[in-house]
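Comments concern the structure below.
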Amino acid sequence: MSDTQDKKATADFRVIGSRPQRPDGIDKVTGRAQFGADVSLPGTLYGAVLRSPFAHARILHLDYSAAALIPGVKAIITAADMPEIAEEDAVVNGQPPDFRDMSANLLARGKVLYEGHAIAAIAAVDEQTARLALDAIEIEYAVLPHVVDVQKAMEPDAPLLHEHLITKGIQPPPGKPSNIASRYEQSVGDVESGFAGADVILNEEFTTQPVHQGYIEPHACLARVAADGQTEIWCSSQGHFMVRGYCARLLAMDAADIRVYPMEIGGGFGGKTTVYLEPLAVLLSRKSGRPVRMQMSRADVFRATGPASGAYISLKLGARNDGTLVAVQGILCYQAGAFPGSPVRLGCMTAFAPYQIPHVRLIGYDVVVNRPKSAAYRAPGAPMASFAAETLLDMLAQKLDMDPLALRLKNAVRDGSRTAYGATLKNIGYVDTLEAAVNHPHYRAPLGENQGRGVASGYWFNIGGPSSAAVNLNEDGTVNVTTANPDIGGSRASMAMMAAEVLGIDVSHVRPLIGDTSSVAYSDLTGGSRVTFAVGMAVVQAAQNLIAELKKRAALIWDVSQDEIQWCDGRACATVNGKHCTLSMREIAGRWAQTGGPLAGLATLNAQGAGPGFGTHICDVEVDPETGKVTVLRYTVIQDVGKAIHPDYVEGQLQGGAAQGIGWALNEAYYYDENGCLQNPGFLDYRMPVASDLPMIDTVLIEVPNPRHPFGVKGVGEVPIVPPLGAVGNAVCRATGVRLFDLPMNPPAIHRAVKRARMRRRQ
């Protein structure tokens, strides 16, 4: 079931808010769509990677001479083939990533830092030959102590991953290296005085485990380097300009020499915002003189690509007896994996963003461990922090005997509220989501034995950034809309719909296209819920520019001033010699040879003003007290979505985020043995929710338009994964009477907690 509530008046639209057929639907259901592994060129070689079997080891000896002699082996590369990156060139404009770290992650330099760390890559005539060559590489290791737990990694005597890593963000800088890459602090007010004025103080510790984004398509690419150095890459990614830029920096190439073709993407969710294979394929192609195709196995994906960070979080919350929040203090420690760069800063910023709290002090630590370098996962950093925050709020509601939604309403941020990290919130619909939850039939439905209901809220910033679009008019009056962003969550449809709305034509007359890096202007990657907002602004501007040109051409045809031309329902309109005249886009296009040539609208911009996103979730569960098994009975997602361009896609984003968050809460985790080796590198052992695990997820779309976008768009893809961890955990507590502070809350964990509670009651 879905419901849409427009809380603020918006203009009537012809196309916006409708539900047209998805433009890519036929290609995907018929198999015509081309994904990363589908490209083949004459003479293509098979690329394979040698990966470390150890979590931490020094490479003492590496000899691939025997492998190179195997017939059919055309190229072998190691870290020695990667250009050295100077310290001053490692970071661009002070922003991540660190390209020295990225290079060392692509191919290990001196030592391996996690099981699955790439050491060498081979290109051969077929897979069998490549595998034989990998086996023929002679390599000797000195195994080192390892650490995969974030708390243990922070201990003074923990095994060091990087001998020269000095913690940033501490003054004066520490005198010796550690696994703590950086420290971040966010503070407002005076927490000591805040807690002094509190009637109730809660203090708890939480842990969450790294989880996989769960994309269906493994990483895959094909690269071809010509004799003159011109390089082509076909790949599935969340940003082909990102792939071009990273390859150029890592391989010391000119960006103009690299052309990246965007393939369809079988899921990303943040996990495809970096590169693993593409630079290796380029090097192998350059060395062999032939195209090279590479594809990860599912086990490689789990062992060698970035999951979301695991975390240890300690929080202290103070409130008055009437439920007013007065102070929060905490420490957030996030696993970065083998190289610095966890989203702990984002966790600190989002944890309590839905609430007005006068005194806040949160400290975040970015910590390296012997696991794959972490990667983004929808609202990176926010779900784990929100789990801790929303759990404490539920505990407070129980302690005060207060309705949990009433507690949130009492403390909710409103228009004009200022967050602890400094942002002033505008045009937000958080209170609307809470009120909708209070009034929703789900919240009033009766519960049975061993059943419980939990609620939780969540926040994400949403972002804008550099974007481009071209709107080209064809001679038959149809339109091509070309953008530079891979379509992950329905952006083709939303781009076509916004163009159609501006032009005043039927959306079926608009064909959305995704251009390669040499055929369209630069655009930032697909992530952070930016595309419909930021690229949509570029599409609107490009369509407006096309209209301006169409009006100019109509003025030439009628021999009137351009100021006399109006654009009405997809037609140029004017009074000519006392008569009302119109020209359709097709009619104007048919005369472009006489009026100045082909017609197009172009736009490039750096979009600002992305509206923040808030959501509130309601979750009902039933827990089997004898086994600990949790059944999700009912789930409702309520979110401020700005203006829903295509409601079907918006509902899908909300439902997908909730499903992923439920899996994160209940079952998903990476399990390592005593040697630091992953034990569940595949979907048979990594327990993600399937259709039979979930009810139909209901959605309520709260539309509070963003005035900084022509159609009121806010990003919607990040927020829905934030509340489920807390909502599920709170529901489990209400069903069992037992509070769990560690994820996942799988059957063994719940069973143990319930058993301990029974024993305590008997005592």
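In table form, for the structure just shown:
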quantity: Enumeration of residues in the stretch 351-373 that are in contact with a helix residue (DSSP H, G or I) (Cβ under 8 Å, 6 or more places away or on another chain), crowded, with 24+ Cβ neighbours inside 10 Å, part of a loop (DSSP other than H, G, I, E, B) and not aliphatic (A, V, I, L, M); calculated: F352, P354, P372, K373
quantity: Residue within the stretch 420-431 that is assigned to a helix (DSSP H, G or I) and surrounded by fewer than 24 Cβ atoms within 10 Å (Cβ to Cβ) present; calculated: yes
quantity: Identity of the residue in the stretch 99-126, under 20 Å from S342 (Cα atoms) and charged (D, E, K, R), that ends up surrounded by the fewest Cβ atoms within 10 Å (Cβ to Cβ); calculated: R100
quantity: Test: residue in the stretch 132-150 that is over 18 Å from Y246 (Cβ atoms), within 24 Å of the chain's Cα centre (by Cα), touching a residue at least 40 places away in the same chain (Cβ under 8 Å) and surrounded by 22 or more Cβ atoms within 10 Å (Cβ to Cβ); calculated: yes
quantity: Residue match in the stretch 49-62 (condition: out of contact with any Leu (no Cβ under 7 Å at 6 or more places or on another chain) and at pLDDT below 95); calculated: no
quantity: Residue list for the stretch 563-606, filter: within 40 Å of the chain's Cα centre (by Cα), surrounded by 21 or more Cβ atoms within 10 Å (Cβ to Cβ) and not in a helix (DSSP H, G or I); calculated: L599, G601, A603
quantity: W558, sole failed condition from (1) surrounded by 15 or more Cβ atoms within 10 Å (Cβ to Cβ); (2) within 26 Å of R14 (Cα to Cα); calculated: (2)
quantity: Residue that is surrounded by the most Cβ atoms within 10 Å (Cβ to Cβ), among those in the stretch 622-649 that are among the charged types (D, E, K, R) and in a loop (DSSP other than H, G, I, E, B); calculated: K643
quantity: Count of the stretch 445-499 residues which are part of a loop (DSSP other than H, G, I, E, B), touching a residue at least 60 places away in the same chain (Cβ under 8 Å) and of a type in the set (V, I, T); calculated: 2
quantity: Residue within the stretch 500-515 that is in contact with a Lys or Arg (Cβ under 6 Å, 6 or more places away or on another chain), farther than 30 Å from G239 by Cα and either in contact (Cβ under 8 Å) with a residue 40 or more places away in the chain or not β-branched (V, I, T) (or both) present; calculated: no
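The values are calculated or read from the model by the stated rules, or taken from the named source; none is laboratory data. Everything numeric in this text was worked out from a predicted model, so none of it was measured. Positions of Cβ are generated from backbone atoms using ideal geometry, with glycine treated the same way; all protein chains shown enter the neighbour counts.
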